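Scroll down for the structure; my scribbles are underneath it.
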Amino acid sequence: MKKFRFPLEKLLRYRRARLVAEQGKLERILAEQRTVQERRAALEREDRMVMENLRRLPVLTSVELDAASAFRRFAETETARLISVEGELASRLERQREALLAARREVEVLERLRERRYDDWRRELDREMESQVADLVVARWRSQDGH
């Protein structure tokens with residue numbers, strides 16, 4: 001009997017490659033999320049540090065107050081922007097998880113089909129071998145009977 005061949009092997013390889021690509025996209029989005037969260041945390045730490053340093057000053061000048069006020073405005077604007085980016089990333093992450101799940105299902109369907117086809121091929125091979133063995137036994141029995 002001929003060697004096992006799954007006719008959809010190329011498609012299975014393509015789907016596996018797509019699954020890896022989708023996983024990579026998910027990991028990049030997660031990395032972006034971590035970066036944005038780290039940036040937000042750093043900004044909050046800087047803001048607390050600025051406020052703490054202002055409280056420690058015995059006398060505040062208008063320049064120091066203006067600088068602190070400008071930083072606070074920047075921090076608030078940047079925090080709002082980062083929150084918006086986090087929302088966009090959360091949406092992208094959800095869509096990417098769905099895409100990854102779909103890609104995983106496509107691979108699993110083909111893998112199950114491949115397994116069933118392989119099992120069928122294996123059973124057919126076993127039947128063929130049993131038939132050949134039976135033919136050999138009968139031939140040997142006949143040749144011994146003929147003596």
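The values are calculated or read from the model by the stated rules, or taken from the named source; none is laboratory data. Everything numeric in this text was worked out from a predicted model, so none of it was measured. Ideal geometry is used to build each Cβ from the backbone, glycine not excepted, and the neighbour counts take in all protein chains shown.
Whenever a residue of segment 93-122 is in contact (Cβ under 8 Å) with a residue 40 or more places away in the chain, its partners that are surrounded by 16 or more Cβ atoms within 10 Å (Cβ to Cβ) and of a type in the set (S, T, N, Q), lying with C-beta atoms within less than 8 angstrom and at least six residues away or across chains, give the pairs Leu93/Gln33.
Could you please find all residues in segment 79-108 being surrounded by 14 or more Cβ atoms within 10 Å (Cβ to Cβ) and among the charged types (D, E, K, R)? Glu86, Arg92, Arg104, Glu106 - these are the residues of segment 79-108 that are surrounded by 14 or more Cβ atoms within 10 Å (Cβ to Cβ) and among the charged types (D, E, K, R). When each of Ile83, Ile29 is tested for being out of contact with any Lys or Arg (no Cβ under 6 Å at 6 or more places or on another chain), among the aliphatic types (A, V, I, L, M), touching a residue at least 40 places away in the same chain (Cβ under 8 Å) and over 30 Å from Gln132 (Cβ atoms), the lone residue that passes is Ile83. A single entry from Ala75, Ala68 fulfils the requirement of being surrounded by 14 or more Cβ atoms within 10 Å (Cβ to Cβ), in a helix (DSSP H, G or I) and modelled with pLDDT under 95: Ala68.
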